[in-house]
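What follows is a set of notes on a single structure, which appears directly below.
The values are calculated or read from the model by the stated rules, or taken from the named source; none is laboratory data. Note that the structure is a prediction, hence the values are computed from the model and not measured. When we count neighbours, we look across all protein chains shown, and the Cβ atoms used for this are built from the backbone with ideal geometry, even at glycine.
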Amino acid sequence: MKSLEGIKRFEKKVWLSSPTMHGEELQFMKEAFDSNWMSTVGQNINEVEKCIAERIGCKYAVALSAGTAALHLATKLAGEKLYGQARPHEGTLKGKKVFCSDVTFDASVNPVAYEDGEAVFIDTEYDTWNMDPIALDKAFTIYPDVKIIVLAHLYGTPGKMDEILEIAKKHGALIIEDAAESFGARYKGKETGSFGDYNAISFNGNKIITGSSGGMFLTDSKEDADKVRKWSTQSREDAPWYQHEEIGYNYRMSNVIAGVVRGQLPYLDEHIARKREIYQRYKEGFKDLPVMMNPYDEKNSEPNFWLSCLLIEENAMSPLVRGEKEYLYQSQKGKTNPQEIMEMLAAINAESRPIWKPMHLQPIYRMNAFVTEKGSGRGQSNAYIDEGEPVDIGADIFRRGLCLPSDNKMTEEDQGRVIEVVKRGFVSF
């Protein structure tokens with residue numbers, strides 16, 4: 001690890017992305033307490049569903065306990081629409097393949113397994129770090145019967161939606177849009193979370209706005225919204241007793257959590273503006289370094305800049321080897337790697353993280369199919385297998401990339417200290 005002499009350690013930890021609270025949240029939580037509506041019904045839930053639907057531009061929103069719950073019920077619903085109602089204790093996707101983003105958090109993908117389906121991972125592209133439309137189109141030539149695409153917008157940056165929507169339409173496939181990280185981001189003026197047939201956002205503690213937990217299912221179909229609402233409350237039938245005719249879940253958002261989200265919502269654009277400032281400050285601070293920031297389509301996209309990330313140029317990478325849970329690197333003059341930078345940031349009490357490890361490299365999914373622009377296989381981990389050119393782009397971004405401290409409460413001075421640490425990684429003496 002390079003020397004950090006002269007760089008002062010933060011007395012209070014600088015986080016990757018922690019909640020930014022304002023005070024109004026307590027007012028709405030107190031309303032839930034004072035009215036005794038502490039369960040999964042109440043005015044906060046009603047208002048949050050109404051406001052989110054208006055913001056996204058969809059007709060219906062269903063407040064759930066987590067973004068993962070929204071993704072699960074979206075996946076279950078897509079399976080039922082395509083393949084019919086499942087037999088008791090079987091998932092709606094039993095024996096079916098689903099195309100999924102590869103570089104994402106596993107909450108995007110696990111619902112496919114919950115519903116007894118099989119994820120086929122689609123490689124990433126360098127322009128936005130999202131699902132590669134060329135690889136997706138190729139995947140349909142290999143698996144022409146697939147009818148569901150699970151698409152995530154990485155770190156708040158919209159994917160190439162025009163191309164992906166066109167491919168989905170050509171093959172008659174439904175899209176489940178995971179906008180958990182991208183609430184408030186826009187593609188050609190349209191909010192993410194409104195492009196798919198079934199859509200989800202998250203209010204987890206580290207998201208652009210938070211409820212401490214919680215998520216939202218989004219749709220233009222009243223029938224689908226009603227179905228998800230029923231499933232999320234244990235599929236109770238309209239009877240004078242507890243009648244259950246299909247499997248249900250305890251997935252509804254509480255009125256207390258909804259109060260936190262309700263208090264956060266007016267600050268969404270303020271949070272995005274602050275995140276954009278952080279991104280731009282990093283970009284300016286690193287302009288003379290052999291790195292690039294996580295990219296986006298500046299003509300068509302407006303990210304929410306949830307996390308600012310960097311990618312080290314190949315010729316500036318020092319040797320790094322990662323195992324399943326351990327790593328080894330060599331510190332070299334003028335070069336660095338993500339693990340060394342992470343250690344240096346940790347030494348001054350600042351949090352950072354690797355890029356999401358691609359799903360096809362995860363032990364639990366290593367035997368699943370994986371499709372790239374140049375080929376297909378199962379669990380390949382060598383990012384350089386074609387005359388030095390990356391075949392597995394997601395693995396390459398994971399190898400060279402890093403999520404930087406992106407907390408809204410960082411001061412300019414705090415961020416300047418982080419920038420100086422990254423610069424130290426590339427010292428040539």
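Take the conditions (1) touching a residue at least 60 places away in the same chain (Cβ under 8 Å); (2) touching a strand residue (DSSP E or B) at 6+ places or on another chain (Cβ under 7 Å); (3) under 16 Å from residue 108 (Cβ atoms); residue 156 misses just one of them, which is (2).
Can you name every residue in segment 136-166 that is of a type in the set (A, V, I, L, M), surrounded by fewer than 22 Cβ atoms within 10 Å (Cβ to Cβ) and over 20 Å from the mean Cα position of the chain (by Cα)?
Within segment 136-166, the first condition is being of a type in the set (A, V, I, L, M), and the residues that meet it are 136, 139, 142, 146, 148-152, 154, 161, 164-165.
Within this subset, residues satisfying the condition of being surrounded by fewer than 22 Cβ atoms within 10 Å (Cβ to Cβ) are 142, 146, 165.
Result: 142, 146.
Of the numbered criteria (1) at pLDDT 95 or above; (2) surrounded by fewer than 21 Cβ atoms within 10 Å (Cβ to Cβ); (3) hydrophobic (A, V, I, L, M, F, W, C); (4) within 23 Å of the chain's Cα centre (by Cα), the one residue 370 fails is (2).
Take the conditions (1) over 20 Å from the mean Cα position of the chain (by Cα); (2) buried (at least 18 other Cβ atoms within 10 Å of the Cβ); (3) among the hydrophobic types (A, V, I, L, M, F, W, C); (4) in the same structural domain as residue 402 (by TED's automatic domain parsing); residue 307 misses just one of them, which is (1). Residues in segment 198-252 that are polar (S, T, N, Q) and closer than 25 Å to residue 17 by Cα were compared, and the one that is farthest from the chain's Cα centre (by Cα) is 212. Residues that are at pLDDT 95 or above and within 30 Å of residue 85 (Cα to Cα) number at least 3 in the following helices (runs of 4 or more DSSP H) confined to segment 205-323: 222-232. Residues of segment 151-200 that are farther than 23 Å from residue 228 by Cβ and of a type in the set (D, E, K, R): 160, 162, 163, 166, 169, 170, 186, 188. Among the residues of segment 110-139, those identified as part of a helix (DSSP H, G or I) and under 30 Å from residue 297 (Cα atoms) are 110, 111, 112, 133, 134, 135, 136, 137, 138, 139. Would a scan of segment 56-63 turn up a residue that is aliphatic (A, V, I, L, M), in a loop (DSSP other than H, G, I, E, B) and surrounded by fewer than 23 Cβ atoms within 10 Å (Cβ to Cβ)? The answer is no, given that none of the residues of segment 56-63 is aliphatic (A, V, I, L, M), in a loop (DSSP other than H, G, I, E, B) and surrounded by fewer than 23 Cβ atoms within 10 Å (Cβ to Cβ). Residue 12 meets the conditions (1) farther than 21 Å from residue 192 by Cβ; (2) surrounded by fewer than 14 Cβ atoms within 10 Å (Cβ to Cβ); (3) in the same structural domain as residue 199 (by TED's automatic domain parsing) in every case but one. The failed one is (3).
Taking residues in segment 215-244 that are within 23 Å of residue 178 (Cα to Cα), and partners anywhere that are of a type in the set (D, E, K, R), the pairs with Cβ atoms closer than 6 Å and at least 6 places apart or on different chains are 220/59; 232/252; 233/252. Cβ-Cβ distances below 8 Å connect the following pairs, each with a first residue in segment 54-73 that is on the phi > 0 side of the Ramachandran plot, a second residue that is of a type outside the set (D, E, K, R), and a separation of six or more residues or different chains: 57/194. Looking at 168, 107, just one residue is outside any strand (DSSP E or B), out of contact with any helix residue (DSSP H, G or I) (no Cβ under 6 Å at 6 or more places or on another chain) and closer than 19 Å to residue 74 by Cβ, and that residue is 168.
Say whether the condition of being at pLDDT 95 or above and within 18 Å of the chain's Cα centre (by Cα) is met by at least one residue in segment 74-88. Checked against the condition, which is being at pLDDT 95 or above and within 18 Å of the chain's Cα centre (by Cα), segment 74-88 yields at least one hit. Among the residues of segment 2-39, those that are farther than 21 Å from residue 413 by Cα and in contact with a strand residue (DSSP E or B) (Cβ under 9 Å, 6 or more places away or on another chain) comprise 2, 39. Restrict the check to segment 279-295 and report whether at least one residue is over 30 Å from residue 51 (Cα atoms), among the charged types (D, E, K, R), out of contact with any Ser or Thr (no Cβ under 7 Å at 6 or more places or on another chain) and crowded, with 17+ Cβ neighbours inside 10 Å. The answer is yes, given that some residue of segment 279-295 is over 30 Å from residue 51 (Cα atoms), among the charged types (D, E, K, R), out of contact with any Ser or Thr (no Cβ under 7 Å at 6 or more places or on another chain) and crowded, with 17+ Cβ neighbours inside 10 Å. Return the residues of segment 324-361 that are out of contact with any Leu (no Cβ under 9 Å at 6 or more places or on another chain), more than 23 Å from residue 7 (Cα to Cα) and assigned to a loop (DSSP other than H, G, I, E, B); say none if nothing qualifies. Passing the criteria: 324, 325, 326, 357, 358.
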